[in-house]
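Written out below as structure tokens is the structure these notes cover.
The values are calculated or read from the model by the stated rules, or taken from the named source; none is laboratory data. The model shown is predicted, which means the values in this text are computed figures rather than measured ones. Cβ sites come from the backbone with ideal geometry, for glycine too, and all protein chains shown count toward neighbours. Each accessible area value is taken on the protein alone, full model and side chains, heavy atoms only, with ligands, DNA and RNA left out. Shrake-Rupley method; radii C 1.70, N 1.55, O 1.52, S 1.80 Å.
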Amino acid sequence: MVTARELVLSRRPQGRIEPGCFTLVERKLPALSQGQLLVRADCFSVDPSMIPRLSVDTYAAAFDLGAAVEARAVGRVVQSRADGWSEGDWALCWGGWRDYAVVDASEGIRIQPRSGLPPHTWLHVLGVPGLTAYIGLVDVARMQPGDRVWVSAAAGAVGSVAAQLAKARGASLVIGSAGGAEKARYLTGTLGLDAAVDYRAGHLAEQLRGAAPEGIDIYFDNVGGGHLEAAIDLLRTGGRAAICGMISGYGKPPGPGPGNLTQLIIKRLRLEGFLVLDHLHRRAAFEEAVLPLVEDGTLHTDVTMFDDLQSAPQALLSLLDGAKLGKALVRP
Ligand code: NDP
């Protein structure tokens with residue numbers, strides 16, 4: 001019998017997320033039933049969508065109090081009672097914030113790590129963040145070669161993929177925004193974007209106007225708030241915005257919306273929200289377009305790995321305070 005360590009949500013945050021909202025518990029796992037796997041997590045994901053779900057229902061229900069926080073994980077099968085699965089296989093599954101998990105094989109996806117691609121690639125560029133970037137850019141914003149594109153939170157998981165994909169698909173200008181001078185240098189240096197804007201330095205609209213004096217055709221929104229308002233001003237006639245996320249408002253009471261919405265009419269803009277979960281059938285097209293760029297190293301996919309299960313709250317907070325680069329993951 002295996003004893004799992006897990007972090008459960010023991011109280012809902014009142015305002016800021018605090019480590020004291022979570023409690024470490026040890027739980028003896030039940031023997032496997034037919035069709036189940038015991039998986040030892042290599043690492044699990046922390047995602048912005050978890051932040052509101054600590055407190056309220058969103059497009060998914062709020063996390064249960066007293067239960068391990070739900071999260072995607074990649075790990076190795078250490079025991080199998082499921083046809084077609086063997087000890088040592090790599091699985092992508094809903095492992096949660098724990099080291100060992102019993103999962104139904106029907107809900108796990110076998111991953112076959114390719115040479116040079118670590119398993120956590122399936123939590124990043126070949127997982128939800130990568131698919132989200134592809135859907136937002138290709139299906140929602142309908143980016144065309146020659147378009148001028150701005151991607152916010154461009155040093156993060158979704159944003160870094162979206163910005164690099166825009167370059168790879170022939171955008172004439174790709175601007176990335178991120179917090180801090182170091183991340184701005186990362187955007188133009190490592191990721192090879194045309195321009196970077198440090199939103200923490202202030203004067204966001206002026207910085208953007210300097211980077212794109214003729215405006216933009218596409219805005220990939222990961223941030224909302226003042227970023228979205230600046231984008232509406234910067235978009236050219238016929239411009240499109242893929243509304244992917246609004247992290248600047250997560251965990252906060254609703255604030256005032258953009259004050260410049262009449263621009264939508266004047267410039268015939270299209271702003272469209274989307275959820276990647278509605279687009280899972282696009283997986284094959286996504287892999288066909290993105291996998292070669294991952295395998296030949298065109299796409300940089302940096303990861304910040306937080307070691308130890310108990311660092312999960314800190315990893316989650318890093319999505320708000322920016323104390324990470326690329327995709328934030330936890331190795332329990
Ligand atoms: P990231 O790896 O991008 O981490 C979040 C980043 O948000 C931080 O690194 C930080 O960037 C930035 N950020 C946080 N607060 C602010 C703020 N107040 N102003 C500006 N930037 C801020 O996370 P993901 O890539 O996983 O997710 C990015 C967005 O995509 C989120 O909004 C998320 O909800 C959304 N999403 C939507 C999906 C969908 O189906 N629609 C699916 C997956 C994600 P910095 O370090 O530069 O400060």
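The table below lists the values:
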read-out	value
ASP308 open to solvent by 50 Å² or more (accessible area, probe 1.4 Å), within 14 Å of the ligand (Cβ to nearest atom) and in the same structural domain as ASP57 (by TED's automatic domain parsing)	no
Candidate set from segment 43-65 (those that are of a type in the set (A, V, I, L, M) and in a loop (DSSP other than H, G, I, E, B)); member that is nearest to the ligand (Cβ to nearest atom)	VAL46
Single residue of segment 314-332 satisfying the filter (open to solvent by 10 Å² or more (accessible area, probe 1.4 Å), in a helix (DSSP H, G or I) and not hydrophobic (A, V, I, L, M, F, W, C)) that is nearest to the ligand (Cβ to nearest atom)	ASP321
Unmet requirement for GLY176, which otherwise passes all of (1) free of Cβ contacts under 8 Å to residues at least 12 places away in the same chain; (2) open to solvent by less than 20 Å² (accessible area, probe 1.4 Å)	(1)
Meets criteria (touching a strand residue (DSSP E or B) at 6+ places or on another chain (Cβ under 9 Å), within 24 Å of GLY20 (Cβ to Cβ), at pLDDT 95 or above and open to solvent by less than 20 Å² (accessible area, probe 1.4 Å)) for ASP47	no
Set GLN36, GLN79: member being modelled with pLDDT of 95 or more and either open to solvent by 60 Å² or more (accessible area, probe 1.4 Å) or in contact with a Ser or Thr (Cβ under 7 Å, 6 or more places away or on another chain) (or both)	GLN79
Cβ-Cβ under 7 Å pairs, at least 6 apart or on other chains, segment 128-156 side in contact (Cβ under 8 Å) with a residue 60 or more places away in the chain, far side within 8 Å of the ligand (Cβ to nearest atom) and basic (Lys, Arg)	PRO129/LYS327; ALA155/LYS183
Verdict on GLY297 being more than 10 Å from the ligand (Cβ to nearest atom) and either under 25 Å from VAL197 (Cα atoms) or hydroxyl-bearing (Ser, Thr, Tyr) (or both)	yes
Per-region count, segment 225-260, residues near the ligand (Cβ under 9 Å from one of its atoms) and in a helix (DSSP H, G or I)	6
Filter result for the condition that a residue is more than 30 Å from ARG236 (Cβ to Cβ) and out of contact with any Lys or Arg (no Cβ under 8 Å at 6 or more places or on another chain), over ARG268, ARG283	ARG283
Number of the exception - ARG283 against (1) within 12 Å of the ligand (Cβ to nearest atom); (2) open to solvent by 40 Å² or more (accessible area, probe 1.4 Å); (3) touching a residue at least 40 places away in the same chain (Cβ under 8 Å)	(1)
Residues within segment 140-171 that are more than 12 Å from the ligand (Cβ to nearest atom) and either of a type in the set (S, T, N, Q) or assigned to a helix (DSSP H, G or I) (or both), tallied	6
Count - residues of segment 261-271 that are surrounded by fewer than 14 Cβ atoms within 10 Å (Cβ to Cβ) and either more than 20 Å from CYS244 (Cβ to Cβ) or within 11 Å of the ligand (Cβ to nearest atom) (or both)	4
So ALA231, is it in contact with a strand residue (DSSP E or B) (Cβ under 6 Å, 6 or more places away or on another chain) and under 30 Å from PHE44 (Cα atoms)	no
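Quick grid of which residues meet (1) open to solvent by 10 Å² or more (accessible area, probe 1.4 Å); (2) of a type outside the set (Val, Ile, Thr); (3) assigned by TED's automatic domain parsing to the domain that holds GLN314; (4) under 29 Å from CYS21 (Cα atoms):
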{"position": "PHE63", "(1), (2), (3), (4)": "no, yes, yes, yes"}
{"position": "GLU70", "(1), (2), (3), (4)": "yes, yes, yes, yes"}
{"position": "ASP83", "(1), (2), (3), (4)": "yes, yes, yes, no"}
{"position": "LEU92", "(1), (2), (3), (4)": "yes, yes, yes, yes"}
{"position": "GLY96", "(1), (2), (3), (4)": "no, yes, yes, yes"}
{"position": "ASP99", "(1), (2), (3), (4)": "yes, yes, yes, yes"}
